[in-house]
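Here's the structure we're looking at; comments come further down.
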Amino acid sequence: MTDQAGNEVVVTLRLGEDTAWALAQFVKRVGWSEFRALAVDDAEAGRIRAAVDALQRALGEVGVAPR
């Protein structure tokens with residue numbers, strides 16, 4: 001993931017299978033209302049959304065993608 005300034009952060013995470021599936025379920029269910037409620041403004045909520053979307057894609061790439 002690269003931010004608007006072109007900076008990139010790489011996160012490596014090890015999770016047990018049950019924990020990974022629970023996280024995948026959470027990122028599938030969480031939405032804009034939660035992002036916006038916890039953010040200072042719409043711009044930050046959008047960045048949170050982008051980060052959660054990246055996490056969901058990464059989980060899917062390793063086969064953890066609930067329907």
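Some notes on this structure:
- For Arg49, Arg14, Arg29, order by how many other beta-carbon atoms lie within 10 Å, fewest first: Arg14, Arg29, Arg49
- Between helix 42-61 and the chain there is an angle of about 20 degrees, using the helix long axis and the longest principal axis of the Cα atoms.
- For the chain, the relative contact order is 36 percent, taking Cα pairs closer than 8 Å that sit 6 or more residues apart in sequence and dividing their mean separation by the residue count.
- Every helix of 4 or more DSSP H residues in the chain counts as -39500 (n - 2.57), and over all residues that averages to -19000 deg cm²/dmol at 222 nm.
- If you take all other residues with their beta carbon under 11 Å from the beta carbon of Asp42, and give Lys and Arg +1 and Asp and Glu -1, the sum is +1.
- Between helix 17-29 and the chain there is an angle of about 40 degrees, using the helix long axis and the longest principal axis of the Cα atoms.
- Theoretical gain in end-to-end length, Glu17 to Ala37 [0.36 nm per residue, Cα-Cα removed]: 4.2 nm
- Answer label for percent of Cα pairs over 20 Å apart (calculated), chosen among [x] 21; [y] 35; [z] 44: [y]
Every number here is computed from the coordinates shown, using simple stated rules; none is lab data. Note that the structure is a prediction, hence the values are computed from the model and not measured. Ideal geometry is used to build each Cβ from the backbone, glycine not excepted, and the neighbour counts take in all protein chains shown.
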